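Trainee: I have a structure I would like to understand better, so I am pasting it below and will then ask my questions one at a time.
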Amino acid sequence: MTIDDIISRWKLPKDYLEFLQTNADSLFFDTEEYGELEIFGAQTLIGGQDGYSGEPIDDWNPDMVVIASAWGDPFCIDLTKDASPVYFAFHGEGEWDFNEEYDSIRTFLEKWVK
C-alpha cells in the first residue's frame, strides 16, 4: 500500500500521516503495559484492519481505524474527530468497550516512537 491508497481511503490526522510517510513497516515494542505492541506503518495499516473493519465485525464502528494492536487488542482513532484521542479495547469481551488511552495520536506516538 502507498500513502496515496491510505489518503484515498481515510482522512487521517496530520500527525499520523506524517508518521506513516516515514514508517513503511510496522514498529514492534515489548511493553509492560500491553505485551507485544505493533504500531502499523504505511505498508501494514490497511491489512491491520482485517478482523475489525477490513472484513467487518458486525458491531464495529466504521469510523474507527485501528492504528496499532497488542495481541489482537486494538488501538484506534475516531475519524469523526479532527484531533482524535487514541482508544483501546480488549477483544473477546462480547462487545467493544473503548476507553481513551492517550489524549492524542501525537501523545501515543511520542510514548513509543523515540
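Trainee: So, in segment 90-114, how many residues would count as being free of Cβ contacts under 8 Å to residues at least 12 places away in the same chain and outside any loop (DSSP other than H, G, I, E, B)?
Mentor: Of the residues in that region, 2 qualify.
Trainee: Please work out which residue is surrounded by the fewest Cβ atoms within 10 Å (Cβ to Cβ), limiting yourself to segment 57-89 and to residues that are in a loop (DSSP other than H, G, I, E, B) and among the polar types (S, T, N, Q).
Mentor: Thr80
Trainee: Could you list all residues from segment 1-30 that are surrounded by fewer than 16 Cβ atoms within 10 Å (Cβ to Cβ), in contact (Cβ under 8 Å) with a residue 40 or more places away in the chain and β-branched (Val, Ile, Thr)?
Mentor: The answer is Thr2, and nothing else.
Trainee: Give the residues of segment 1-11 that are modelled with pLDDT of 90 or more, assigned to a loop (DSSP other than H, G, I, E, B) and closer than 15 Å to Gly48 by Cα, sorted by residue number.
Mentor: Trp10
The values are calculated or read from the model by the stated rules, or taken from the named source; none is laboratory data. The model shown is predicted, which means the values in this text are computed figures rather than measured ones. Please note: Cβ atoms are built from the backbone with ideal geometry, for glycine as well, and neighbour counts cover all protein chains shown.
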